[in-house]
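The values are calculated or read from the model by the stated rules, or taken from the named source; none is laboratory data. The shown structure was predicted, so the numbers you read here are calculated from the model rather than taken from an experiment. FYI the Cβ positions are ideal-geometry reconstructions off the backbone, even for glycines, and counts take in every protein chain you see. Remember, those area values only see protein heavy atoms, side chains included, never the ligands or the DNA or RNA. Shrake-Rupley method; radii C 1.70, N 1.55, O 1.52, S 1.80 Å.
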Amino acid sequence: MTGQIPATLIPGDGIGPEVTDAAVAVLDALGPPFAWDRQLGGLAAIEAAGDPLPQATLDSIRRTGLALKGPLTTPVGGGFRSVNVRLREEFQLYANVRPARSMMPGGRFENIDLVIVRENLEGLYVAFEHYIPIGEDSHAVAISSGVNTREGSRRIARYAFDYAVRNGRKKVTIVHKANVLKALTGVFLETARDVAKEYEGRVAADDRIVDACAMQLVLNPWQFDVIVTTNLFGDILSDEAAGLVGGLGLTPGANIGLHAAIFEAVHGSAPDIAGKGIANPTAVLMAAGMMLEHVGLGEQRRRLEAAIGLVLNEDKVRTGDLGGTATTAVFTEAILRRLAA
Ligand code: NAI
Ligand code: MG
């Protein structure tokens with residue numbers, strides 16, 4: 001096919017290759033819209049190239065400005081720095097967009113349709129961290145500093161309100177902890193409120209303290225439309241939102257910058273089920289859908305999402321995380337059949 005869009009594919013670790021293979025097969029049936037440049041990242045890259053984020057991978061994304069990425073395993077505590085965080089910094093992917101939408105009736109909640117817009121570069125994830133040793137204990141005291149800037153807060157707030165306008169959303173809720181972290185999240189709240197004024201009459205705005213928001217998400221998730229928040233809170237609330245709509249097997253995310261965008265599932269490498277062929281590829285398929293929309297192929301996104309809906313709800317082909325028995329391959333076949341119909 002001519003007019004294929006160059007894009008980087010990073011299969012990633014754990015279930016990453018299984019679910020990204022499924023995504024590539026499904027995208028092939030939709031065009032194929034993308035000309036893939038396969039690159040390594042994470043543990044797979046350490047094994048092959050001795051570096052979790054090889055130069056070739058960076059060069060590829062710099063060239064394409066567009067990537068679909070499987071999850072990358074990050075060691076807890078010690079070890080190398082999160083490759084995900086490094087990619088976000090490298091390409092200044094300041095907005096992390098994570099929609100959570102009910103896709104199947106009969107779940108814990110129905111008709112949820114909310115979007116979390118997470119600041120992706122600042123806050124506590126700058127990881128200015130160190131230990132202070134006392135006596136024998138090298139980890140006696142742990143210190144971490146967060147950084148939120150006026151500029152970064154304005155940029156993410158504008159992104160959230162613009163997103164609301166573009167997508168016909170009615171309200172943006174600013175989520176913070178400015179009652180305790182008065183400077184760190186105070187500047188975010190203050191700036192986001194200022195931005196909200198620019199959208200008065202077009203998009204409604206309110207604000208919530210993060211702990212109350214976490215509870216309200218469970219009690220009454222329908223009150224939320226778009227949530228904009230700082231890095232750590234966005235990380236936590238987006239997993240919570242994934243739980244509301246059926247789990248990590250369903251929810252996608254986009255990391256958006258001015259010159260590049262990286263699409264991925266919210267979930268990680270799922271070491272407990274890796275290699276078994278039972279992972280749910282829906283989340284990465286939904287991420288591929290966001291990627292299609294991003295490059296102006298909204299029609300293909302709608303076809304893809306319609307096929308996923310039919311497979312889950314009409315064909316009732318579901319993977320184990322959704323209570324079904326389908327393997328990744330069986331689920332993917334079912335999607336391909338729907339796309340061919
Ligand atoms: P995880 O998301 O990998 O797994 C949590 C639970 O959800 C596990 O029981 C897993 O089996 C299940 N699960 C996740 N995705 C699934 C899918 N598609 N289908 C069926 N079940 C699924 O989170 P965990 O275990 O905390 O992290 C594992 C590794 O992944 C860590 O090294 C972490 O740093 C990394 N990670 C990477 C991310 C990324 O690259 N964007 C995001 C989150 C975690
Ligand atoms: Mg997370």
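Data table
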item	result
Distance between modelled label sites at D59 and V218, nm, 7 Å Cα→Cβ extension	5.0
Mean Cβ neighbour count within 10 Å, used as a protection proxy, ranking 319-329, 7-17 highest first	7-17, 319-329
Charge dipole of the chain about the Cα centre (unit charges at C-beta), most positive-ward option of A157, G253, I236	A157
Highest-MSF residue in the chain out of S269, S144, S102 [GNM, Cα springs under 10 Å]	S144
Hits among lysines - C-alpha to C-alpha of K197 under 16 Å, sequence gap 8 or more where chains match	K170, K171
Where M291, M104 fall by accessible area, highest first, once all protein chains stay in place (1.4 Å)	M104, M291
Neighbour cut-off at most 13 other Cβ (10 Å), DSSP loop, trypsin sites (Lys or Arg not before Pro), segment 132-223	K170, K182, R202
K170/V126 FRET efficiency (R0 45 Å; Cβ-Cβ; nearest 0.05)	0.85
Long-range HN-HN contacts of D37 with modeled amide H, under 5 Å	A7, T8, L9
Mean separation of Cα contacts under 8 Å, 6 or more apart, over the residue count of segment 21-65: relative contact order %	26
Low-density loop cleavage sites - GluC sites (Glu not before Pro) in segment 247-341, where at most 10 other Cβ are within 10 Å (DSSP)	E314
Long-range amide H partners of V126 with built H, under 5 Å	V147
Within the chain: Cβ-based charge dipole about Cα centre, in debye rounded to nearest 20 (Lys, Arg +1; Asp, Glu -1)	900
